[in-house]
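The values are calculated or read from the model by the stated rules, or taken from the named source; none is laboratory data. Fair warning: this is a prediction, and the values are worked out from it, not measured in the lab. Note: ideal-geometry Cβ built from the backbone for every residue, glycine included; neighbour counts use all protein chains shown.
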Amino acid sequence: MPTPVNIQYAVEIDGEDIKRRLKGLFSATDETRELEMELDRKISDCIQEFLRDERASTEIELAALAESARQSRVPDLPSGVLEYLDDLAESMIRHSTHTASPRFIGHMTTALPYFVRPFGKLITALNQNPVKVETAKSFTAFERQALAMMHRLVYDDPDDFYDHHIQQKDSTLGIITTGGTAANLTALWCARNASLKAKDQFKGGASEGVSAALAAYGDRDAVIIGSSLIHYSFDKAADLLGIGSNNLIRVPTDENGRIDLDLLRRTILRCRKLNRRIIALIGVAGATDCGAIDPLVEMAEIAREHQIYFHVDAAWGGPLLFSRLHKDKLNGIEMAHSVTIDGHKQLYLPMGLGMVLLRDPQSAKVIERNAQYIIRSGSHDLGKRALEGSRPAMALYLHASLSIFGSRGYEILIDESMRMARFMADAIREKPEFQLLMEPQLNIVTYRYVPKPWREKIPALDESDNDAVSRFNIRLQKAQRREGKGFVSRTRLGRTRFGNSVVALRAVIANPLTTEHDIRTVLDDQIRLSALEGVSCE
């Protein structure tokens, strides 16, 4: 072990060489260009090898991967970039989850179009920061244009509306976020501040806090209402906004996962009677668990009748609006005050891109914040009406995909994924080993495997039978995941036609590369695995 003096001496000897190497990492020279091209080539090779593998994952256990990543000391000296990539390829890349595999049909993460990879390099190289025009001059206009395209998809206002608002600095047609969670939070932030706005001597909840606002308005507390299938991001939002997750009221759904409208009306009346201020009503357009769509027209009318802010979480189902065949399933979404759509889902974009769209271009003013050094009042800065400050220019992906795919391209992708979901539902119905738990409204299929001892009792399975079948499906899903050839996820559905609190196998059919053969193979693998000793009935 060298002494501290020797360590300091070594740093002094190597200091100038290290400086030169570090400066080279930032410079645009012929030498760095050649190194970058070599790095690009090696990364491209890694990507192609990875993407051509049809397995859902490798068989290595998570514990083994965790054991290989226990070093917690930052290396003393810089290392070579290519050498680092070699280590990365062996330790991380080869064991990454194959989300682009046509047999990885368990989550809302799928294959990406090839152009996002080079555009990702462009986004990184330009390093634009859309929080401020001074750090994203031309990009600011492009982001606003992309949001206007999405706003028109949802709200379809007249041409003169978009001519006026698309580049108007005082208008906000939408806000780019890092995902659906941040988009839902931003929407409820707008709803809370609008509901608890200033009046008389009270300066508003945004300034004085929720407790002072409720006292000023004479309310006992504040609540948010949605179905039992609303996304868990609303728990986070209720927590962060000072409303409290216990004040997130979940109304039961019917057997198709749609909110019970009679119970909703009674819930609203009960809240009003008890002086509970309703901050927002949440509609679901594509429940994460099962793809269910709430009756949005009726919910919008209820919200309008009671003067409640209406937000629709269409993180998954929003792109259905591209489809002339299926868009009517989202009727009523245009009546919402705000709508969440997640780019990394059915817009086929990378992680880290969501958006909230606002029917009223002035509604985001209630969350506006300014700073003297960056997002000054009266500026074009996008960051003044957004939760996040500095962020990457991810909207370029959105602008590119809308331009490259076009509405017709997205329509074809959506229609095909819906067709494939119906194919899987039919394939499940044809196999006596399975039960389709819910008719798919979108391209999410929920079902379960029923072991033979219980198969003969259908449809008279009692609660204990359902519990046993649920335990079996948990083991089956884990076994398929470990094997790595294919993958579906699992969830627990509160209400189905076969019983309540039922564990469901959950398939998300959105990958354009998934074929009917892939779906049959995933189901056949489940039948095969169910017979193995490790997936027994007990």
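A compact table of results
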read-out	value
In region 57-87, the residues that are in contact with a helix residue (DSSP H, G or I) (Cβ under 8 Å, 6 or more places away or on another chain) and of a type in the set (A, V, I, L, M, F, W, C)	60, 65, 69, 77, 81, 82, 85
Cross-chain or 6+ apart pairs with Cβ under 8 Å, region 66-87 first and assigned by TED's automatic domain parsing to the domain that holds residue 43 and of a type in the set (A, V, I, L, M, F, W, C), then at pLDDT below 85 and surrounded by 10 or more Cβ atoms within 10 Å (Cβ to Cβ)	77/14; 77/18; 81/25
Flag for residue 430 being charged (D, E, K, R), surrounded by 15 or more Cβ atoms within 10 Å (Cβ to Cβ) and either farther than 30 Å from residue 178 by Cβ or touching a residue at least 60 places away in the same chain (Cβ under 8 Å) (or both)	no
Qualifying position, being more than 22 Å from the chain's Cα centre (by Cα) and in contact (Cβ under 8 Å) with a residue 12 or more places away in the chain, among 306, 311, 399	306
Residue within region 15-35 that is at pLDDT below 90, within 33 Å of the chain's Cα centre (by Cα), aromatic (Phe, Trp, Tyr) and not assigned by TED's automatic domain parsing to the domain that holds residue 518 present	no
Boolean, residue 416 is crowded, with 19+ Cβ neighbours inside 10 Å, over 24 Å from residue 135 (Cβ atoms) and either out of contact with any Lys or Arg (no Cβ under 8 Å at 6 or more places or on another chain) or among the charged types (D, E, K, R) (or both)	no
Those residues of region 476-488 which are surrounded by 17 or more Cβ atoms within 10 Å (Cβ to Cβ) and either farther than 15 Å from residue 55 by Cα or not assigned by TED's automatic domain parsing to the domain that holds residue 434 (or both), in sequence order	476, 477
Residue pairs meeting the criteria (Cβ under 9 Å; at least 6 apart or on separate chains; first in the same structural domain as residue 276 (by TED's automatic domain parsing) and charged (D, E, K, R), in region 218-231; second surrounded by fewer than 24 Cβ atoms within 10 Å (Cβ to Cβ) and in a strand (DSSP E or B))	219/276; 219/277; 220/276; 220/277; 221/276; 221/277
Residue among 237, 206 that alone is buried (at least 16 other Cβ atoms within 10 Å of the Cβ), in contact (Cβ under 8 Å) with a residue 40 or more places away in the chain, within 26 Å of the chain's Cα centre (by Cα) and part of a helix (DSSP H, G or I)	237
Flag for residue 114 being in contact with a strand residue (DSSP E or B) (Cβ under 8 Å, 6 or more places away or on another chain) and at pLDDT 90 or above	no
Yes/no for residue 363 being surrounded by 22 or more Cβ atoms within 10 Å (Cβ to Cβ), polar (S, T, N, Q) and either over 22 Å from residue 109 (Cα atoms) or free of Cβ contacts under 8 Å to residues at least 40 places away in the same chain (or both)	no
Region 60-97: number of residues that are more than 18 Å from residue 25 (Cβ to Cβ) and part of a helix (DSSP H, G or I)	12
Number of the exception - residue 111 against (1) outside any helix (DSSP H, G or I); (2) among the aliphatic types (A, V, I, L, M); (3) crowded, with 19+ Cβ neighbours inside 10 Å	(3)
Residue count for region 209-226, restricted to those that are under 20 Å from residue 186 (Cα atoms), surrounded by fewer than 24 Cβ atoms within 10 Å (Cβ to Cβ) and touching a Lys or Arg at 6+ places or on another chain (Cβ under 9 Å)	3
Residues within region 319-334 that are under 18 Å from residue 227 (Cα atoms) and part of a helix (DSSP H, G or I), tallied	3
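Conditions tested, residue by residue: (1) touching a residue at least 60 places away in the same chain (Cβ under 8 Å); (2) out of contact with any Ser or Thr (no Cβ under 6 Å at 6 or more places or on another chain); (3) farther than 19 Å from residue 407 by Cβ.
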| position | (1), (2), (3) |
| --- | --- |
| 130 | yes, yes, yes |
| 139 | yes, yes, yes |
| 157 | no, yes, no |
| 170 | yes, yes, yes |
| 174 | yes, yes, no |
| 178 | yes, yes, yes |
| 194 | yes, yes, yes |
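Quick grid of which residues meet (1) closer than 29 Å to residue 506 by Cα; (2) more than 23 Å from the chain's Cα centre (by Cα); (3) assigned to a helix (DSSP H, G or I):
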| position | (1), (2), (3) |
| --- | --- |
| 99 | yes, no, no |
| 107 | yes, no, no |
| 118 | no, no, yes |
| 129 | no, no, no |
| 138 | no, yes, yes |
| 142 | no, no, yes |
| 157 | no, yes, no |
| 160 | no, yes, yes |
| 172 | no, no, no |
